[in-house]
1. Compute for the stretch 107-150: radius of gyration divided by Kirkwood radius, i.e. Rg/Rh, restricted to C-alpha atoms, rounded to two decimals.
2. Can you tell me the orientation of helix 87-105 relative to the chain, as the angle in degrees between its alpha-carbon axis and the longest Cα principal axis, to the nearest 10?
3. Tell me, how many Å apart are the Cα centres for the stretch 12-73 and for the stretch 89-145?
4. Kirkwood Rh over alpha-carbon pairs of the chain, then Stokes-Einstein at 20 °C and 1.002 mPa s: what D in µm² s⁻¹, rounded to an integer?
5. At a threshold of 8 angstrom on Cα-Cα distance, excluding pairs fewer than six apart, so keeping six or more, what relative contact order does the chain reach in percent?
6. Using a 10 Å Cβ count of at most 10 others and DSSP loop calls, identify the longest part of the chain lacking such trypsin sites (Lys or Arg not before Pro).
7. Between rounded, prolate and oblate, where does the stretch 76-162 land on the alpha carbon gyration tensor, with a ≥ b ≥ c its root eigenvalues, rounded for a/c under 1.5, else prolate if a/b exceeds b/c?
8. Could you provide, to the nearest whole Å², the per residue accessible area of the chain with probe 1.4 Å?
Amino acid sequence: SAIVYILFAFLIAASNTPDTLRTKAGYSVLRRVSLLPPAVSGGIFLAVLSSCMGSEIGAGEILQALAKDKILPFLSFFAPRNADDRNTARKSVLMTFVLIVLALCSGTDLNEMATFQTLFFLLSYAIINLACFILSIQGSPNFRPIWPHYSWHMAGFGFVACIGVMFYTHPLRAAMALLLCSMLVIYLAYRGPPGSDWGDVT
């Protein structure tokens, strides 16, 4: 899939001018160069729908996990009562849906919201790469990645690349995201739930 994405980017760049791609007219460029424009609209709709549904379910699961670990006490309503409690997952997903609808109805430009989403996704990837990098260089015996091409060099490069792309996307908002993440780490270190242990990296 990575090869397809890269090839797709090169094909779009080769079939359009830089000025077109820089402006909002670039949003509809695929329809103009496609042999079957309705297929492009249908593909975009299905891709956006699947992405939105995946993000909604994933956010609900994260909300449930935060409540389960008692990281934020006011989220206890979303914590599962037992291993067979399925209503909690429904409540978390429903809460996520309500928040999404409120954000969409607020009148905020979707492109502005997409910037924040991109930054926090990049921050998540950066933290994962940083955790892998630290576990590798400290020789943790319980960290055994199964991907044959993994190396600590790649993890370190991934961390630096994600942070770099964040600041390239929007320097001020990237700094705000890093500050928010740092505040969360400090909160977990000093005010986290008693008896919690999330591994050596923390």
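The values are calculated or read from the model by the stated rules, or taken from the named source; none is laboratory data. The shown structure was predicted, so the numbers you read here are calculated from the model rather than taken from an experiment. As a convention, Cβ positions derive from the backbone with ideal geometry for all residues, glycine included, and neighbour counts pool all protein chains shown. All accessible areas refer to the heavy atoms of the entire protein, side chains included, with ligands and DNA or RNA removed. Shrake-Rupley method; radii C 1.70, N 1.55, O 1.52, S 1.80 Å.
1. In the stretch 107-150, Rg relative to Rh is 1.26.
2. 40 degrees
3. 15 Å
4. Using the Kirkwood radius from Cα pairs, D works out to 105 µm²/s.
5. With pairs under 8 Å counted, the relative contact order is 15 percent.
6. In short, 87-202.
7. oblate
8. Per residue, the chain has 74 Å² of solvent-accessible surface.
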